[in-house]
Amino acid sequence: MDILGISAFYHDSAACIVRDGEIIAAAQEERFTRKKADARFPVNAIRYCLDEARLSLGKLDHIVFYDKPILKFDRLLETYLAFAPQGLRSFLTAMPVWMKEKLLLKRMLLKELSAVNPGNAPLKLPELLFGEHHESHAASAFYPSPYQEAAVLCMDGVGEWATTTAWIGKDNELKPLWEIPFPHSIGLLYSAFTYYTGFKINSGEYKVMGLAPYGKPVYVKAIYDELLDLKPDGTFRLNMDYFDYCTGLTMTNARFDKLFGGPPREPETMLTQREMDLARSVQEVTEEAMLRLSRTIHRETGLDYLCMAGGVALNCVGNGRILREGPFKGIWIQPAAGDAGGALGAALTVWYKMAGNPRKADGRRDAMKGSYLGPDYRDDEVQQFLDRQGAHAVRLPDDALYNEVAEYLAQGKIVGWLHGRMEFGPRALGSRSIIGDARNKTMQSIMNLKIKYRESFRPFAPSVLAERVSDYFEMDAESPYMLLVAPVRNSRRLPVPASAEGLWGIDLLNVPRSDIPAVTHIDYSARVQTVHKETNPGYYRLIKAFEAKTGCGVIVNTSFNVRGEPIVCSPEDAYRCFMRTEIDVLVLGNFVLQKEEQKPLTQDSEWRNEFVLD
Ligand SMILES: [Fe+2]
């Protein structure tokens, strides 16, 4: 049975194919269109998934969309009515789009789908199915997890009505426990602060999280007193007097400005201590809500394991605290925790819930295949691209490749690494990564300034050999999807030198904090990715080769893109990024390219304007 899952029209559209319960392919539309968080119908992602599964649309057994547009419409209408007449302006702005694109979704989906069909033959499509937003999240968290039975917690901005939901997953069943409805939403609270601190909502949240360690939690009391009524069980209500997202076109309002001492920061202007303190405060409140909710759901279910999804589950600092301080023996988080993963959850719901197929989990391995579910490029395809481009490259067999690249890393070179199937979800996990030496004291600022062209208040993430994770971090769990933050081991930390006294804000990041300074944040935390032989043998062997040379089992891993750009997908995207930045060496499959051997790109001066900051 072949099932196509689709998510679209909110942010980060995606498609996937599930065949007899196995995830065959999954990808986000942004990677193909090169438009970050592209919310349009995912024609390219669908086409890729069909190709990968060697299917045509007409051969599919089911097509499922990840949420129910009519329920979303219902929520919008009721919200606007409840807040009328203040809501009229945004009602008039939003509604025509909804009427045109979303409410008529079925007709539109069928029309869009017929455009996917390569032969344009008359199409006989299976009946179009619709999941429910949070059920799709919950399904994406539980069904691929390694657990036969688990509690499930989903937290996001908002789907149809729910913003937080709790479930019990057992065998092939997902039973709803309870939910917190819109407008009360931890995701939207976090997004409000993302907007207020001058970042883009729905994508700049990770920056707020990265900024938090610079701040002091001075606004926590104000948040609890005025904005958020957080109950001991973790459930909550927001005071809507401070938010404008029900009625206006912005997240926060004048009252919010007054409470926090001024208007929102203009994007791209200087960060001040105030934004850092705001970030720290909302982060602390969010962690507290996550921890309390996890304790409640543990108490209610008595289960040992927790699965999570929804945009808030990308808060890896909060996840790390649930793992360390929470009551569960283990937690598993869907790597595509945002709405892209909803496509996968919807498809798995059809397989398990609708078709009633049994489910077996072994307690160890999840079903995500390391999230390496996107396009791969064969040698002959790379060769064709190189020939077209007139690029100079050398092809190496596996062992020589890992050895040579490890040598470059040890020399302090920065390597663009495209190897194997592209990752599904927002993190690069060693298939589309820029990599470097984590021991290098200047690696962090070099990568930020010369490659990412962005503010450098956030350190990069470490990729560590799975079996050595405890040598470097206070952590004894797998974190293959870079969704858990853990402290760097005490024994590796360095005392802060007297010369660092008086430093402020981002300058603090340039003071080495450990013997792997490029991946150590100013609070000694790190966003850990454990690398496993089974799921990414190439990347694992590369780090092994680096370890053999240096004794160090950790490298720096950052996504292969410049600021504001989607992660690269094809050799062409990677080559362009390589040529536009100061990456020293590019690896495309088994081909190695040196920067100094390439001809400069012509007519490419305006590229930095192509991508906006998030
Ligand atoms: Fe969602």
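The values are calculated or read from the model by the stated rules, or taken from the named source; none is laboratory data. Quick caveat: nothing in here was measured; it's all calculated off a predicted structure. In this analysis, Cβ positions are derived from the backbone assuming ideal geometry, glycine residues included, and neighbour counts consider all displayed protein chains. With ligands, DNA and RNA removed, areas are computed over all heavy atoms of the protein, side chains included. Shrake-Rupley method; radii C 1.70, N 1.55, O 1.52, S 1.80 Å.
I need every pair where a residue in region 533-559 that is over 11 Å from Ile435 (Cα atoms) has its Cβ under 6 Å from the Cβ of a residue that is polar (S, T, N, Q), sequence separation at least 6 or different chains.
Here the result reads Ala545/Asn403, each pair linking region 533-559 to a residue that is polar (S, T, N, Q).
Surrounded by fewer than 16 Cβ atoms within 10 Å (Cβ to Cβ) and away from the ligand (no atom under 16 Å from the Cβ): which single residue out of Glu275, Glu300 fits that description? Give the steps one after another, and end with the answer.
Numbers: Glu275 fails: surrounded by fewer than 16 Cβ atoms within 10 Å (Cβ to Cβ).
Sole residue among the options that is surrounded by fewer than 16 Cβ atoms within 10 Å (Cβ to Cβ) and away from the ligand (no atom under 16 Å from the Cβ): Glu300.
If we scan region 212-225, do we find a residue that is surrounded by fewer than 23 Cβ atoms within 10 Å (Cβ to Cβ), touching a strand residue (DSSP E or B) at 6+ places or on another chain (Cβ under 8 Å), of a type in the set (D, E, K, R) and at pLDDT 95 or above?
No: region 212-225 contains no residue that is surrounded by fewer than 23 Cβ atoms within 10 Å (Cβ to Cβ), touching a strand residue (DSSP E or B) at 6+ places or on another chain (Cβ under 8 Å), of a type in the set (D, E, K, R) and at pLDDT 95 or above.
It is to be established whether one or more residues within region 337-358 are free of Cβ contacts under 8 Å to residues at least 60 places away in the same chain and open to solvent by 40 Å² or more (accessible area, probe 1.4 Å). Steps first, please.
Step one: list which residues in region 337-358 are free of Cβ contacts under 8 Å to residues at least 60 places away in the same chain, which gives none.
Within region 337-358 (the criterion being free of Cβ contacts under 8 Å to residues at least 60 places away in the same chain and open to solvent by 40 Å² or more (accessible area, probe 1.4 Å)), the answer is no, since none of the residues qualifies.
Name the single residue that is most open to solvent (accessible area, probe 1.4 Å) among those in region 366-397 being assigned to a helix (DSSP H, G or I) and closer than 24 Å to Ile333 by Cβ. Talk me through it step by step, then tell me what you get.
From region 366-397, those assigned to a helix (DSSP H, G or I) are 369-371, 379-389; that's our starting set.
Adding the requirement that they be closer than 24 Å to Ile333 by Cβ leaves 369-371.
Details: Lys369: 76, Gly370: 4, Ser371: 0 Å².
Across region 366-397, the extreme among qualifying residues is Lys369.
Each row is one residue, and each column tells you yes or no for (1) farther than 27 Å from Arg237 by Cα; (2) more than 12 Å from the ligand (Cβ to nearest atom).
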| position | (1), (2) |
| --- | --- |
| Glu135 | no, no |
| Pro146 | yes, yes |
| Met155 | no, no |
| Gly159 | no, no |
| Thr163 | no, no |
| Ile168 | no, yes |
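Checking Asn403 against (1) surrounded by 22 or more Cβ atoms within 10 Å (Cβ to Cβ); (2) farther than 29 Å from Asn172 by Cα, which test does it fail?
Going through the list (1) surrounded by 22 or more Cβ atoms within 10 Å (Cβ to Cβ); (2) farther than 29 Å from Asn172 by Cα, Asn403 breaks only (1).
Hey, any hits in region 485-501 for a residue that's open to solvent by less than 20 Å² (accessible area, probe 1.4 Å) and not small (Gly, Ala, Ser)? Show your work before the answer.
We begin by selecting, within region 485-501, every residue open to solvent by less than 20 Å² (accessible area, probe 1.4 Å); these are 485-486, 488, 500.
Still in the list and also not small (Gly, Ala, Ser): 485, 488.
Checked region 485-501: at least one residue is open to solvent by less than 20 Å² (accessible area, probe 1.4 Å) and not small (Gly, Ala, Ser).
Looking only at region 162-187, count how many residues are touching a Phe, Trp or Tyr at 6+ places or on another chain (Cβ under 6 Å) and within 12 Å of Val312 (Cβ to Cβ).
Residues flagged as touching a Phe, Trp or Tyr at 6+ places or on another chain (Cβ under 6 Å) and within 12 Å of Val312 (Cβ to Cβ) within region 162-187 amount to 1.
Could you list, in sequence order, all residues of region 121-175 that are in a strand (DSSP E or B), over 30 Å from Leu110 (Cβ atoms) and either open to solvent by 10 Å² or more (accessible area, probe 1.4 Å) or not hydrophobic (A, V, I, L, M, F, W, C) (or both)?
At the first step, the residues of region 121-175 found to be in a strand (DSSP E or B) are 128-130, 149-155, 162-170, 173-175.
Now restrict to residues that are over 30 Å from Leu110 (Cβ atoms): 149-153, 155, 163-164, 166-170, 173, 175.
Those that are in a strand (DSSP E or B), over 30 Å from Leu110 (Cβ atoms) and either open to solvent by 10 Å² or more (accessible area, probe 1.4 Å) or not hydrophobic (A, V, I, L, M, F, W, C) (or both): Glu149, Thr163, Thr164, Trp167, Ile168, Gly169, Lys170, Glu173, Lys175.
So which residues in region 442-484 are part of a strand (DSSP E or B) and either free of Cβ contacts under 8 Å to residues at least 12 places away in the same chain or surrounded by 23 or more Cβ atoms within 10 Å (Cβ to Cβ) (or both), if there are any at all?
Step one: list which residues in region 442-484 are part of a strand (DSSP E or B), which gives 461-465, 473, 484.
Passing the criteria: Ala461, Pro462, Ser463, Val464, Phe473, Leu484.
Say we look at region 176-191 and pick out the residues that are of a type outside the set (Ser, Thr, Tyr) and assigned to a helix (DSSP H, G or I); which of these is farthest from the ligand (Cβ to nearest atom)? Break it down stepwise before answering.
Filtering region 176-191 down to residues of a type outside the set (Ser, Thr, Tyr) leaves 176-184, 186-189.
Still in the list and also assigned to a helix (DSSP H, G or I): 186-189.
Values: Ile186: 12, Gly187: 8, Leu188: 11, Leu189: 15 Å.
Looking at the filtered set, the residue picked out is Leu189.
Of the residues that sit in region 3-30 and are open to solvent by 10 Å² or more (accessible area, probe 1.4 Å) and under 18 Å from Ser431 (Cβ atoms), which one is nearest to the ligand (Cβ to nearest atom)? Please lay out each step first, then the result.
Keep residues of region 3-30 that are open to solvent by 10 Å² or more (accessible area, probe 1.4 Å), which gives 9-12, 19-22, 24, 30.
Right, trim to under 18 Å from Ser431 (Cβ atoms) and you get 24, 30.
Values: Ile24: 23, Glu30: 16 Å.
Checking each candidate, the answer is Glu30.
Scan region 314-336 for residues that are open to solvent by 10 Å² or more (accessible area, probe 1.4 Å), within 14 Å of the chain's Cα centre (by Cα) and away from the ligand (no atom under 16 Å from the Cβ) and jot them down.
The answer is Val317, and nothing else.
Return the residues of region 246-270 that are surrounded by 13 or more Cβ atoms within 10 Å (Cβ to Cβ) and in contact with a Ser or Thr (Cβ under 8 Å, 6 or more places away or on another chain); say none if nothing qualifies. Outline the logic, then answer.
Step one: filter region 246-270 for residues surrounded by 13 or more Cβ atoms within 10 Å (Cβ to Cβ), giving 246-248, 250-253, 255-257, 259-260, 264-265, 267.
Of everything in region 246-270, those that are surrounded by 13 or more Cβ atoms within 10 Å (Cβ to Cβ) and in contact with a Ser or Thr (Cβ under 8 Å, 6 or more places away or on another chain) turn out to be Cys246, Thr247, Gly248, Met251, Pro264, Arg265.
Starting from region 428-441, take each residue that is at positive phi and list its partners that are outside any loop (DSSP other than H, G, I, E, B) and among the hydroxyl-bearing types (Ser, Thr, Tyr), counting only C-beta distances under 9 angstrom and pairs at least six apart or across chains.
Pairs found: Gly430/Tyr372; Gly430/Ser463; Gly430/Tyr539; Gly430/Tyr540.
Somewhere in region 192-202, is a residue within 14 Å of the ligand (Cβ to nearest atom), open to solvent by 10 Å² or more (accessible area, probe 1.4 Å) and among the polar types (S, T, N, Q)? Walk me through it before giving the result.
Initially, region 192-202 is screened for residues within 14 Å of the ligand (Cβ to nearest atom), giving 201-202.
Next, from what is left, pick out any that are open to solvent by 10 Å² or more (accessible area, probe 1.4 Å): 201-202.
Okay, now just the ones that are also among the polar types (S, T, N, Q), so 202.
Yes, region 192-202 contains a residue that is within 14 Å of the ligand (Cβ to nearest atom), open to solvent by 10 Å² or more (accessible area, probe 1.4 Å) and among the polar types (S, T, N, Q).
Being in contact with a Ser or Thr (Cβ under 9 Å, 6 or more places away or on another chain), of a type outside the set (Gly, Ala, Ser) and assigned to a loop (DSSP other than H, G, I, E, B) is the filter here; which residues of region 398-434 pass it?
Once the filter is applied, which keeps residues that are in contact with a Ser or Thr (Cβ under 9 Å, 6 or more places away or on another chain), of a type outside the set (Gly, Ala, Ser) and assigned to a loop (DSSP other than H, G, I, E, B), region 398-434 yields Ile414, His419, Arg421, Met422, Phe424, Pro426, Arg427, Leu429.
Check region 412-423 and report whether any residue there is within 20 Å of Glu582 (Cα to Cα), at pLDDT below 95 and crowded, with 24+ Cβ neighbours inside 10 Å.
No; the residues of region 412-423 include none that is within 20 Å of Glu582 (Cα to Cα), at pLDDT below 95 and crowded, with 24+ Cβ neighbours inside 10 Å.
For region 223-242, state whether one or more residues are basic (Lys, Arg) and in a loop (DSSP other than H, G, I, E, B).
Narrowing region 223-242 to residues basic (Lys, Arg): 231, 237.
Filter once more, keeping what is in a loop (DSSP other than H, G, I, E, B): 231.
The answer is yes; a qualifying residue exists.
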